[in-house]
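Data block below; observations after.
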Amino acid sequence: MKRISIFLMIMIIFFSVHSMNAYAYEEDSYYVNRMGVHFTESEYNDLLERFGIGFVATVSNKLAEEALQNKEMILLTEPIPILINDNPAPIYYYPCSLGNIESKNYDDFYVCANYTENSSNSKYYFELYIEWNPLYISRMEKYFDILAMRWDSNFVVESYTGEQFNGISVVNYSNNGKNSKRAANGAGISMNVMDDTSELLRMSTTLIGHYTSKTLTTINMTYVHAYKKVTLEQSQSYKFSPTVNGQVLQFDNSTIKSYYQTPVPIYKTFTPRYIV
């Protein structure tokens, strides 16, 4: 009887420990998210590639197991609210792996670029999302990062807005606010990374407009992270480069350029189906 009791106790402890994480045991954990879910390096990279860092940072144990077992699983294209420790302010993650222009992991952060076209009003929507890897947020430099886009002459801009979200606060950037820079062929927003950012950081911009001709055109996007102290004025000291696909910014001098990491090059060349 005593042997059976000991055996049952061992089994209960085993399954209790196992249920605390998706697959990895604590000693094998590469990453532990805000819900206390443990991941091995391969599990972490798998989910990061498929769903983006916002998902990995906030996913529950049950959903993580489902995602790891079902390789065909996809997420909705709308933001999903997730409550963290009964926090009344929900955390949102976007399924960045669904980017139809670009979806790429740059170690420090994950980049997702999308575009959609609306046949009813002929409008085009271009969206750039940056989700920082929580493993790097604690030691990241918090200055003015830049998200920018450049377009061809057959595109007419209606609005260019942005958002920064760190799980605690949201900063919205208006079309013509002081953090925005506009030109005939491009627009950029300088986002000062919030000081209380510690576990989650998502930055996004949205460009809305229409095309005037069905000719081959290119949309260029970029994200540039500042790793040295830079002012708002310095962060806006650039022109919109008109030469190479994937390039958006040309800084006014080498000193300001040295404050920033190498820009992320993103572009898509296509022929608009709808025009105004």
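The values are calculated or read from the model by the stated rules, or taken from the named source; none is laboratory data. If you're wondering where the values come from, they're calculated on a predicted model, not measured in any experiment. Every residue, glycine as well, gets a Cβ built from its backbone with ideal geometry; the counts of neighbours run over all protein chains shown.
Descriptive notes on the structure:
- The one condition from (1) buried (at least 18 other Cβ atoms within 10 Å of the Cβ); (2) at pLDDT 95 or above; (3) not polar (S, T, N, Q) that residue 275 does not meet is (1).
- Residue ID - farthest from residue 221 (Cα to Cα), chosen from residues in segment 105-120 that are surrounded by fewer than 20 Cβ atoms within 10 Å (Cβ to Cβ) and touching a residue at least 40 places away in the same chain (Cβ under 8 Å): 119
- Reported count of residues in segment 130-147, each being in contact with a Lys or Arg (Cβ under 8 Å, 6 or more places away or on another chain), modelled with pLDDT of 90 or more and part of a strand (DSSP E or B), is 1.
- Check on residue 193, in contact with a His (Cβ under 7 Å, 6 or more places away or on another chain) and either buried (at least 24 other Cβ atoms within 10 Å of the Cβ) or in contact (Cβ under 8 Å) with a residue 24 or more places away in the chain (or both): no
- Within segment 14-32, being of a type outside the set (A, V, I, L, M) and modelled with pLDDT under 75 holds for 14, 15, 16, 18, 19, 21, 23, 25, 26, 27, 28.
- Residue in segment 157-166 that is closer than 26 Å to residue 57 by Cβ, aromatic (Phe, Trp, Tyr) and touching a strand residue (DSSP E or B) at 6+ places or on another chain (Cβ under 8 Å) present: yes
- Subset of segment 164-181 [touching a residue at least 24 places away in the same chain (Cβ under 8 Å) and either surrounded by fewer than 18 Cβ atoms within 10 Å (Cβ to Cβ) or small (Gly, Ala, Ser) (or both)]: 167, 168, 169, 178
- Filtered residue count, segment 192-217, keeping only those that are over 22 Å from residue 270 (Cβ atoms) and in a loop (DSSP other than H, G, I, E, B): 9
- The set of residues in segment 179-207 being among the hydrophobic types (A, V, I, L, M, F, W, C) and under 17 Å from residue 226 (Cα atoms) consists of 189, 191, 193, 194, 201, 203.
- Filtered residues of segment 99-121 (kept if assigned to a loop (DSSP other than H, G, I, E, B), at pLDDT 80 or above, within 27 Å of residue 198 (Cβ to Cβ) and out of contact with any His (no Cβ under 8 Å at 6 or more places or on another chain)): 106
- As a summary of the residue check, residue 246 satisfies the conditions (1) in a loop (DSSP other than H, G, I, E, B); (2) touching a residue at least 40 places away in the same chain (Cβ under 8 Å) except for the one numbered (2).
- Residues (within 20 Å of the chain's Cα centre (by Cα) and surrounded by fewer than 21 Cβ atoms within 10 Å (Cβ to Cβ)) located in segment 213-244: 227
- Criterion applied to 230, 264 was being part of a loop (DSSP other than H, G, I, E, B) and either modelled with pLDDT of 95 or more or not assigned by TED's automatic domain parsing to the domain that holds residue 123 (or both), and the one residue passing it is 230.
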